1. How high is the relative contact order of the stretch 89-230, in percent, counting Cα pairs under 8 Å that sit 6 or more residues apart?
2. Residue by residue through the stretch 64-70, what is 3J(HN,Hα) from phi via Karplus (6.51 cos²θ - 1.76 cosθ + 1.60, θ = phi - 60°)? Round to whole Hz and write x for glycine and proline.
3. Can you work out ³J(HN,Hα) from phi for every residue in the stretch 278-286, in order, using Karplus 6.51 cos²θ - 1.76 cosθ + 1.60 and θ = phi - 60°, giving whole Hz and x for Gly and Pro?
4. Which FRET efficiency value, to the nearest 0.05, do you get for Ile169 and Gln279 by plugging their Cβ-Cβ distance into 1/(1 + (r/R0)^6) with R0 = 30 Å?
5. If I model a spin label at Ala292 and Glu223 as a point 7 Å from the Cα along the Cα→Cβ vector, what separation in nanometres do I get?
6. 7 Å from Cα along Cα→Cβ at both Asp69 and Ser193: what's the point-to-point distance in nm?
7. Measure out, as a whole number of angstrom, how far apart the alpha-carbon centroids of the stretch 148-225 and the stretch 285-347 sit.
8. Tilt of helix 354-373 relative to the longest C-alpha principal axis of the chain, in degrees (0 to 90, nearest 10)?
Amino acid sequence: MKRPSLVQTHYLTVQDVAAIVNKIGAAATLSRMADYIHEDYLRWQDFDKCARVASHSAGGVIELMPIADAKTYAFKYVNGHPKNTFAGLPTVMAFGVLADVDTGFPELLSELTLTTALRTAAMSAVAARALARPHSKSMALIGNGAQSEFQALAFHHLLGIEEIRLFDIDRAATRKLIGNLQHTALRLIVCGSIAEAVRGADIVTTVTADKTNAAILTPDLIEPGMHINGVGGDCPGKTELHADVLRGATVFVQYEPQTRIEGDLQQLPADFAVTELWQVLRAQAPGRTSDAQVTVFDSVGFALEDYSALRFLRDAASQLGIGQWVSLIPELADPKDLFSLIRPALDSPASASPRAARAGAVSGANIKKRALAA
């Protein structure tokens, strides 16, 4: 796809990202995105990192998630408003930018609502490869909303999960998930309670959105060897796991300063020990050490994953010729002459000075008077 101008930005709509997934395939998209995430986590020290900047309200949160290495800057705008579905809007909506560090030029502007679901699922798979028991075959999926199918497919295609045990207080959400995934080889089992869903599961994924200190999983439900993938929650005052579940497990996080603010980890004191996942991926810290160990990935979503996802989208869209070019930045003959964009043409009536305009109006009035007198 030829770039029409040096100052135009590659723009991907929701439809463009969907086209990328449909052309590559969902399994390959998740696999490639997981590879990009893994690669970037291996060079963790290359990035200038910070916790996301959040603006909280009674109904939800709006966040900015920035990150950069020496070459590329990325950010994501994202919200989380659990009651949005009643207004016909998604709970999570997002867009993001990749920019050149040397110039600040925005190279890619993309939707990230669909992409966030994909990258979150890919991140879950990256973590579970390191933390779940090898050859895990069953997963409980608590919460069957907008993120659930992506989580199910990532664990199916990237970890070999064969059975998904489903529970949601909204039965329509579960029916929606089954309808969307009935074409796959997954064995989908609808359960009447959280306890029924998690019983005997190798992996438990929680994807709930209520803005409350919930306890979706309690210690009595946890079995030796489980890997818990805590995806929902993710802001102060919003949790999914009972604190004792964390106390009884080995806990892994993405970026500890952020997770202590908004993850399930917020329930525990600052000296509660956790391990950042990059250390495990780089073999600088142990992950799972026994089949009986309970592991928790307190996933809150971190800007590095969006950086990885945007890199993937840029590369895939370029290879497939997908997307548009938009003018976010003005194209100027003289970069110092920004005013030229709104300077009137010399032969335009708008170019006349106020004084000349007044003189013209008086002259026109005199001509009209003479015409009437004649």
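Each value in this text was obtained by applying a stated rule to the coordinates, not by laboratory testing. Since the structure is predicted, the reported quantities are computational estimates derived from the model, not experimental observations. A quick note on method: Cβ atoms are made from the backbone with ideal geometry, for glycine too, and the neighbour counts reach across all protein chains shown.
1. Numbers: 217 pairs, mean separation 32.9, N = 142.
Contact order relative to length: 23 percent.
2. Coupling constants for the stretch 64-70: 10, 10, x, 6, 7, 10, 5 Hz.
3. Once rounded to whole Hz, the list reads 4, 5, 5, 5, 8, 6, 9, 8, x.
4. Numbers: r = 37 Å, r/R0 = 1.22.
Efficiency for this residue pair is about 0.25.
5. 1.6
6. 4.9
7. Distance between centres, Cα-based: 31 Å.
8. The angle comes out at about 50 degrees.
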